[in-house]
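The values are calculated or read from the model by the stated rules, or taken from the named source; none is laboratory data. Keep in mind that what you see is a predicted model, and the values were worked out from it rather than measured. With ideal geometry, Cβ positions are generated from the backbone for all residues, glycine too; neighbour counts draw on all protein chains shown. Just so you know, the surface numbers come from the protein's heavy atoms only, side chains and all, with ligands and any DNA or RNA stripped out. Shrake-Rupley method; radii C 1.70, N 1.55, O 1.52, S 1.80 Å.
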Amino acid sequence: MRIAIVGLGLIGGSLGLDLRRLGHGVVGVSRNPMTCDRAVALGAADEAGCELARVEGAAVVFLCPPLDWVISMGEAVLPHLSPGAILTDVGSVKQPIVQALSSQWPQFIGGHPMAGTAHQGIEAAESRLFQGRPYVLTPTTSTPAASLEVLAGLVQSLGSTLYYCPPDQHDQAVAWISHLPVLVSASLIQACQGESQGEILRLAQQLASSGFRDTSRVGGGNPELGTLMARYNREALLTSLRQYQGAIAGLTQLVEAENWAELQQQLQATQVQRSAFVDP
Ligand code: NAP
């Protein structure tokens, strides 16, 4: 199959490596000519360049630019698509993208591979990045069944576990497990840095171990990505943040009231819930 990838970075490059390994012909498009050359040299594309017209003749086109470029890039690609071509994206938020693109191209299907690393750009591309990872597709009621079948087959050939859900459900689910944790973790760092006595803050730093390292990790990640997620998934994130504020307020009240029995009961519940949620 001839497949085009627009935006040759971590995700686009990794898709290119796997799709070529699986025997597909991959044409790459990116903004920077040097990125295109590197993609070919690394084996992530058979050919690559900056011209969107390169997607012509592709049966499937993956949109893999940064989140804030997906819609405009998708619209710019539309005039170059072959009739019936499947257009999909890999953006971490689905509702605004699906809303904007599926109305303009019936064979647009939103997608989100739940895989990544801490690195970015074509040099970070990895073979088998998607293997054993969830890959969500968010078809609408008007998505042609035949197009969905082709894309689902490609996703499964990457070794991913395929999930289907409506775009709004995807966005609320990732707000809980990805976007809320970034802000909770950032707020933990902020609160700790707010300690007014320098001596205590220094001591805390010296004593900090794996617990603080684990809980602060995602709050210390890429600020641009965190802001983009919040911007594009604002409503779902606000729902999660408000519920989280309620949870923190409830725990604070228990400590204020010295209600240790209730606190222990709640921590017993979260201990059981965490295992069941993370390792079902
Ligand atoms: P990335 O490594 O920064 O790659 C994006 C690539 O797109 C860049 O290498 C850049 O290449 C190119 N690009 C930038 N602006 C462009 C534009 N206006 N037009 C065309 N190409 C452009 O980012 P990524 O991590 O692969 O993320 C890409 C998408 O995957 C995002 O939508 C993100 O939401 C989604 N995603 C990311 C992860 C993750 O963990 N990283 C996981 C799942 C999904 P040039 O050098 O050519 O500018």
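Can you compute 3J(HN,Hα) from phi for each residue in region 137-145, using the Karplus curve 6.51 cos²θ - 1.76 cosθ + 1.60 with θ = phi - 60°, rounded to whole Hz and x for Gly and Pro?
Couplings: 10, 10, x, 10, 5, 9, 5, x, 4 Hz.
Highest GNM mean-square fluctuation, the chain, Cα pairs closer than 10 Å: which of 173, 191, 53?
With Cα springs under 10 Å in the chain, the top fluctuation among 173, 191, 53 is at 191.
Hey, if we sort 242, 213, 54, 21 by accessible area with the 1.4 Å probe, largest down, what's the order?
Details: 242 150, 213 175, 54 70, 21 105 Å².
Output order, biggest surface exposure first: 213, 242, 21, 54.
Which percent of the accessible area of the chain is formed by carbon and sulfur heavy atoms (probe 1.4 angstrom)? Provide the component values of the computation, followed by the final result.
Numbers: 8400 of 15260 Å².
Taking all protein chains in place, the chain shows 55 percent carbon and sulfur surface.
Computed FRET efficiency, Cβ-Cβ of residue 187 and residue 164, R0 35 Å: what is it to the nearest 0.05? Before the final figure, lay out each step's value.
Details: r = 33 Å, r/R0 = 0.95.
The formula returns an efficiency of 0.55 here.
Measure off 7 Å from each Cα along the Cα-to-Cβ vector at residue 104 and residue 126, then give the distance between these two points in nanometres to one decimal.
Placing both labels 7 Å along Cα→Cβ, they lie 3.3 nm apart.
Using R₀ = 30 Å, calculate the FRET efficiency as 1/(1 + (r/R₀)^6) where r is the Cβ-Cβ separation of residue 82 and residue 50; round to 0.05. Write out the running numbers ahead of the final one.
Details: r = 20 Å, r/R0 = 0.66.
The calculated FRET efficiency here is 0.90.
Taking the Cα atoms of region 1-131, what is the range of coordinates along each of the three principal axes, in descending order and whole Å?
36, 29, 26
What is the local net charge at residue 101, summed over the other residues whose Cβ is closer than 10 Å to its Cβ (Lys, Arg +1; Asp, Glu -1)? Don't skip to the answer; put the middle values down first.
On the way: positive: none; negative: 75, 89.
Overall, the nearby charge balance is -2.
Specify the angular offset, from 0 to 90 degrees and rounded to the nearest 10, of the alpha carbon long axis of helix 10-21 from the longest principal axis of the alpha carbons in the chain.
50 degrees
Quote to one decimal, in nm, the extra length available between residue 243 and residue 203 on full extension: 0.36 nm per residue of separation minus the C-alpha distance between them.
Numbers: separation 40, 0.36 × 40 = 14.40 nm, distance 3.28 nm.
Net length gain for the segment: 11.1 nm.
Can you tell me which of 214-221, 244-251, 156-163, 2-9 comes out highest on packing, and rank the rest after it, using the mean Cβ neighbours within 10 Å?
Numbers: 214-221: 13.8, 244-251: 11.5, 156-163: 16.0, 2-9: 25.2.
So the order, starting with the most tightly packed, is 2-9, 156-163, 214-221, 244-251.
Mind listing the long-range amide H neighbours of residue 109? Cut-off is under 5 Å, sequence gap 5 or more, other chains count too, H placed in the peptide plane at 1.01 Å from N.
87, 88, 89
Could you tell me the convex hull volume per residue, in Å³, taken over the Cα atoms of the chain? Write down the numbers at each step before the final one.
On the way: hull volume 42.8 nm³, N = 280.
Taking the convex hull of the Cα positions in the chain, it is 153 Å³ per residue.
Considering the Cα positions of region 140-214, please state its Rg to one decimal place and its Dmax as a whole number of Å.
So, for region 140-214, Rg and Dmax equal 21.6, 65 Å respectively.
Before anything else, pin down the relative contact order of the chain: Cα pairs under 8 Å, at least 6 apart, normalised by residue count, whole percent. If you can, show how the numbers build up before the last one.
Values: 430 pairs, mean separation 39.8, N = 280.
Relative contact order here is 14 percent.
Each label point is 7 Å from the Cα along the Cα-to-Cβ direction; what then is the distance between the points at residue 261 and residue 279, in nm?
Each label point is offset 7 Å from its Cα along the Cβ direction, giving 3.2 nm.
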